[in-house]
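Colleague: First the structure, which I've put down as structure tokens, then a few questions once you've had a look.
The values are calculated or read from the model by the stated rules, or taken from the named source; none is laboratory data. For clarity, every value in this text was computed on a predicted model and none was experimentally measured. Backbone-built Cβ (ideal geometry, glycine too); neighbour counts: all protein chains shown. We work out accessible area using only protein heavy atoms, side chains counted, and drop any ligands, DNA or RNA first. Shrake-Rupley method; radii C 1.70, N 1.55, O 1.52, S 1.80 Å.
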Amino acid sequence: MTPSITDSAVKAAIAAIASESATAEEKIQMLIEMAQGFQKKPKTAQDLRNAVGLFYRAYEMCGDNYLLLKARAKVGIAGTLQMIPDADSQLLLQAKEGYEEALPILQQLATPEEVAEAQMNLGLVLQSLVPNNLARITDSIQAYHQALRVFGWEDYPQEYAILSNNIAIAYLSMPMASEREYLRQGLAVQSFEVALKHINLIDHPREYAMLQNNLGNALQYLISSHPVENNLRAISAYNEALKVRNPQDTPLEYANTISNKANALFNLPDNPEKPELGNQQNLLTAKSYYQEAWQIFTENQQLEQAEVVAKALQDVAAEMQAFVLH
């Protein structure tokens, strides 16, 4: 097998670093910077493996002399493991360990922003491990809240939006006794709404659309005695997201939002004042949204999502058939 250009580049760079008249500290810095280059724009899985190898080499070179660089190399390894496509729980557990080992050193020696970024990523790793019972969702939420102390909306709107979004989604996945179910859902909706007071359409369109789309989802599945009102609020949130998401620039996000909107329309009477008259009109609109979403998902090889939408189209057809029979 011929080595890829990146492999040769790595070997050449390591040889150069070895022969450099640079100090040990400078060499470690070079390795970390090179690893970050692979990590930031990986073209292949091999790039990610190269990044892990370089971070590890830097980590080894630190010994006990360069604690901050050692912690940064550890965070680099953890972050790269997190990025590996379909990372299994073994890799995620290694990433979790890396962040947990690095954080006490970062808290002593690094900037608050560097600490908060590690906490944010630790929260993500923990959240990914929860479905396999390898972490607790409360620990994930705690890590996000710690990061929020630094990443406030004024100075870090993007990080703030992502953290608020992740906290809300974490609340939604919390197991609670059924009588307390509405409580966690309420907390999730509140997280989205608070974030949207600070993240606006003009300055942060992408984050705004993400929050509105997920707020719509939370409202739609809210356990409540006002399902119609919640669905109307959900549709208005999806409409806000669709001010940003469109088939040209963000086809997959757009398809996601229109299929979510179709789900809400499926359960909404045409005239909320007269629910007994049914929802034939809304079903027709839902059908055309589902068809458009199905096409986009299929064209973009998102077969799992296409399958879910195809199933929803069958449900719409069955529902419309029921109207005809009545």
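Colleague: From the list Tyr144, Tyr182, Tyr99, which residue is open to solvent by less than 20 Å² (accessible area, probe 1.4 Å) and either more than 17 Å from the chain's Cα centre (by Cα) or more than 30 Å from Val244 (Cα to Cα) (or both)? So that I can check it myself, show each step before the final result.
Modeller: Details: Tyr144 fails: either more than 17 Å from the chain's Cα centre (by Cα) or more than 30 Å from Val244 (Cα to Cα) (or both); Tyr182 fails: open to solvent by less than 20 Å² (accessible area, probe 1.4 Å).
Of the residues listed, the single one that is open to solvent by less than 20 Å² (accessible area, probe 1.4 Å) and either more than 17 Å from the chain's Cα centre (by Cα) or more than 30 Å from Val244 (Cα to Cα) (or both) is Tyr99.
Colleague: What are the pairs with Cβ atoms under 8 angstrom where one residue, in the stretch 32-54, is modelled with pLDDT under 90 and the other, located anywhere, is assigned to a helix (DSSP H, G or I) and open to solvent by 60 Å² or more (accessible area, probe 1.4 Å)? Sequence gap at least six, or different chains.
Modeller: Gln39/Met83; Pro42/Met83
Colleague: Name the residue, out of Gln301, Gln305, that is in contact with a Phe, Trp or Tyr (Cβ under 8 Å, 6 or more places away or on another chain) and over 26 Å from Ile202 (Cα atoms). Show your work before the answer.
Modeller: On the way: Gln301 fails: in contact with a Phe, Trp or Tyr (Cβ under 8 Å, 6 or more places away or on another chain).
Every option except Gln305 fails the conditions.
Colleague: Can you name every residue in the stretch 227-246 that is in a helix (DSSP H, G or I), crowded, with 17+ Cβ neighbours inside 10 Å and β-branched (Val, Ile, Thr)?
Modeller: Selection gives Ile235 alone.
Colleague: Considering the stretch 279-290 alone, what residues qualify as being surrounded by 15 or more Cβ atoms within 10 Å (Cβ to Cβ) and not basic (Lys, Arg)? So that I can check it myself, show each step before the final result.
Modeller: Going through the stretch 279-290, the residues surrounded by 15 or more Cβ atoms within 10 Å (Cβ to Cβ) turn out to be 279, 282-283, 285-287, 289-290.
Result: Asn279, Asn282, Leu283, Thr285, Ala286, Tyr289, Tyr290.
Colleague: I need the full set of residues from the stretch 55-69 which are assigned to a helix (DSSP H, G or I), farther than 13 Å from Ala18 by Cβ and touching a residue at least 40 places away in the same chain (Cβ under 8 Å), in order please.
Modeller: Within the stretch 55-69, Leu67, Leu68, Leu69 qualify.
Colleague: Let me ask you something else. If we keep just the residues of the stretch 295-307 that are touching a residue at least 24 places away in the same chain (Cβ under 8 Å) and buried (at least 16 other Cβ atoms within 10 Å of the Cβ), which is nearest to Ala218 (Cα to Cα)?
Modeller: For the stretch 295-307, the residue satisfying everything is Gln305.
Colleague: Just for the stretch 247-278: of the residues that are assigned to a loop (DSSP other than H, G, I, E, B) and over 27 Å from Phe323 (Cβ atoms), which one is least open to solvent (accessible area, probe 1.4 Å)?
Modeller: Initially, the stretch 247-278 is screened for residues assigned to a loop (DSSP other than H, G, I, E, B), giving 247-250, 267-274, 278.
Remaining after also requiring over 27 Å from Phe323 (Cβ atoms): 247-250.
On the way: Pro247: 54, Gln248: 141, Asp249: 117, Thr250: 38 Å².
For the stretch 247-278, the residue satisfying everything is Thr250.
Colleague: Only one of (1) farther than 28 Å from Tyr171 by Cα; (2) open to solvent by 20 Å² or more (accessible area, probe 1.4 Å); (3) part of a loop (DSSP other than H, G, I, E, B) is not met by Ser224, so which one is it?
Modeller: All conditions pass for Ser224, except number (1).
Colleague: Separate question: Only one residue in Leu31, Leu68 is surrounded by fewer than 18 Cβ atoms within 10 Å (Cβ to Cβ) and in contact with a helix residue (DSSP H, G or I) (Cβ under 6 Å, 6 or more places away or on another chain), so which one is that? I'd like the intermediate steps shown before the answer.
Modeller: Working: Leu31 fails: surrounded by fewer than 18 Cβ atoms within 10 Å (Cβ to Cβ).
Sole residue among the options that is surrounded by fewer than 18 Cβ atoms within 10 Å (Cβ to Cβ) and in contact with a helix residue (DSSP H, G or I) (Cβ under 6 Å, 6 or more places away or on another chain): Leu68.
Okay, residues lined up against (1) under 24 Å from Phe192 (Cβ atoms); (2) modelled with pLDDT of 95 or more:
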position	(1), (2)
Arg233	yes, yes
Tyr238	yes, yes
Phe266	yes, yes
Pro272	yes, no
Ala293	yes, yes
Ile296	no, yes
Gln305	yes, yes
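Colleague: Can you confirm whether the stretch 102-118 contains a residue that is farther than 26 Å from Lys70 by Cβ and open to solvent by 40 Å² or more (accessible area, probe 1.4 Å)? Let's see the steps before the verdict.
Modeller: Filtering the stretch 102-118 for residues farther than 26 Å from Lys70 by Cβ gives none.
Checked against the condition, which is being farther than 26 Å from Lys70 by Cβ and open to solvent by 40 Å² or more (accessible area, probe 1.4 Å), the stretch 102-118 yields no hits at all.
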